[in-house]
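Trainee: A single structure is presented below for examination.
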Amino acid sequence: MYRGKTIGVVVPAYDEELLISDTLLSIPVFVDRIYAVNDGSTDRTRIIIDEISQSDTRVITIHHDKNMGVGAAIASGYKQSVKDKMDITVVIDGDNQMDSQLMPSMIDPIIQNRADYTKGNRLLSPEYRRGMSTWRFIGNTLLTLMTKFSSGYWSLMDPQNGYTAISHRALERINLDRIYPHYGYLNDLLVKLNVFGFRVMNIEMPARYGRETSKIQYTRYIRTVSFVLFKDFFYRLKMKYVVLSFHPLVIFYLFGFLMVIGGIIAGIYTAYWVFFANGALFVRGVLSLLLFAIGLQFLSFALLFDIQESRGLSRMEWDDL
């Protein structure tokens, strides 16, 4: 127990026989439950987890018969944590990449009722990004920008950082069966948190890389997560501004998208009319540009309303110090 709150830690692991022991043994003594989720590993990960559970009664083993994805593994741990009524649930990866001694900084804002969900942020300074490859930094920055639009958390940083903590109230409200099961679950979860108005806080921490080997294929990963974020953007608009309440920004978004697309199509037709049919440019060209410009203006208003509606739901940890 930590400051009067029960703490659970979910540790997803897939083929982590080299590092899973170090990860589990480094978890602080104030943690009440450790949910070690073996996601269909083909190496000795399962055996190691079972052995540690014999000596540490806090370790609850969860085994998937086949690999279901890191999002699905974390969802399994979350479900058990909800069942055990843990006040706060932390997630750290099984590759020992996350410093468990930083856990109090993740938990404190939730206990102090300043956040419902906290997440690590390695992007704030060059010192904290030390060890992060250039390609990983560029990809992370791109996904940060896309996740801001999709989730509505405009102060969000480093959404791919898997070091997180969540309150029981927020965890109980989310449909855990609908979390994206693979890499990209972090982005998807943020969208679902915003729909219900939960507060997210960035917690500064340095990047930490050691003996672990990344299993992410970055080109495919960015492409896949981009598609997830595209769908999640419209899901958030539907649920937050149509189903659960109503806000006219959805109308601005709708007309904005239609006009921008219409302007692009009209522009292509105008180019065809001028270059292949020897037609006049002025009227069709002006109408195409006007339609496109009005569409952009509608989208700008929609974005402004969206930012205002989500103001205060995300912030940096140092804003409150």
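Trainee: List the aspartates and glutamates whose alpha-carbon lies under 16 Å from that of Lys85, not counting same-chain residues fewer than 8 positions away?
Mentor: Once the sequence-local aspartates and glutamates are set aside, what remains near Lys85 is Asp32, Asp116, Glu172.
Trainee: So for Phe198, Phe149, Phe275, fewest C-beta neighbours within 10 Å to most, what's the order? Before the final figure, lay out the partial values.
Mentor: Values: Phe198 22, Phe149 16, Phe275 10.
Starting with the residue having the fewest Cβ neighbours, the order is Phe275, Phe149, Phe198.
Trainee: I want to verify a result. In a Gaussian network model of the chain, Cα cutoff 10 Å, which of these has the top mean-square fluctuation: Val200, Val260, Val228?
Mentor: Val260
Trainee: So if I place +1 on the C-beta of Lys and Arg and -1 on the C-beta of Asp and Glu, and nothing else carries charge, what would the dipole magnitude of the chain be about its Cα centre? I want it in debye, nearest 20. Display every interim value, and only then the final one.
Mentor: Values: 34 positive and 31 negative charges, 208 e Å.
In total the dipole reaches around 1000 debye.
Trainee: By counting other Cβ atoms within 10 Å of each Cβ, how are Arg199, Arg311 ranked from fewest to most?
Mentor: Working: Arg199 21, Arg311 11.
Final ranking by Cβ density, sparse to dense: Arg311, Arg199.
Trainee: Where is the GNM fluctuation largest for the chain (alpha-carbon springs, 10 angstrom cutoff): Lys83, Lys240, Lys231?
Mentor: Comparing Lys83, Lys240, Lys231 in a Gaussian network model of the chain, the most mobile one is Lys83.
Trainee: Set the Förster radius R0 to 35 Å, insert the Cβ-Cβ distance between Leu258 and Arg178 as r into 1/(1 + (r/R0)^6), and round the FRET efficiency to 0.05.
Mentor: Numbers: r = 29 Å, r/R0 = 0.82.
That pair, Leu258 with Arg178, gives E of 0.75.
Trainee: Which of Asp108, Asp39 comes first, and how do the rest follow, when ranked by fewest Cβ neighbours within 10 Å? Write down the numbers at each step before the final one.
Mentor: Values: Asp108 18, Asp39 26.
In increasing order of surrounding Cβ atoms, one gets Asp108, Asp39.
Values quoted throughout were computed directly from the atomic coordinates according to the rules given, and no laboratory measurement underlies them. The structure presented is a predicted model; accordingly, all values stated were derived computationally and were not measured. Because the Cβ atoms are built from the backbone with ideal geometry, glycine has one as well, and the counts that use them run over all protein chains shown.
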